[in-house]
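The values are calculated or read from the model by the stated rules, or taken from the named source; none is laboratory data. In this text, all values refer to a predicted model and were calculated from it rather than measured experimentally. Note that each Cβ is placed from the backbone with ideal geometry, even for glycine, and that neighbours are counted across all protein chains shown.
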Amino acid sequence: MNASLTTPSVEEGAEKQNMKHTCEHHAECMKIIQSILDDEATEAEKDHFRENMDKCIPCIESYRLEKCIKDSLNLKIEKKPCPQSILNTIISKINS
């Protein structure tokens with residue numbers, strides 16, 4: 001995850017700024033959040049999200065939740081290499 005995407009404290013930010021409590025385009029924001037967390041977002045998407053999350057509480061909370069879930073899963077999942085026999089089977093089925 002890109003370390004430059006830090007989220008402000010929701011409570012502090014809401015008091016200091018006039019923050020939105022609803023997001024009119026939440027589905028689009030969730031797609032961008034997923035792209036960012038998967039390191040697949042373009043710089044334009046990252047810039048748009050940084051700008052939006054400074055004033056949108058639902059986006060800040062969604063980003064934090066999704067990041068927490070992803071980080072937790074990464075800690076719990078044991079990464080094992082795929083056996084060569086399975087790879088060969090998949091490749092042969094793709095090529096047939």
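May I ask you to verify whether ASN88 is at pLDDT 90 or above, of a type outside the set (Gly, Ala, Ser) and surrounded by fewer than 10 Cβ atoms within 10 Å (Cβ to Cβ)? So ASN88 does not fit the description; no. Only one entry of ALA27, ALA44 meets the criterion of being within 29 Å of ASN74 (Cα to Cα), assigned to a helix (DSSP H, G or I), of a type outside the set (Lys, Arg) and modelled with pLDDT of 90 or more, and that entry is ALA44.
Filtering the stretch 42-60 to residues that are among the acidic types (Asp, Glu) and in contact (Cβ under 8 Å) with a residue 12 or more places away in the chain leaves GLU45, ASP54.
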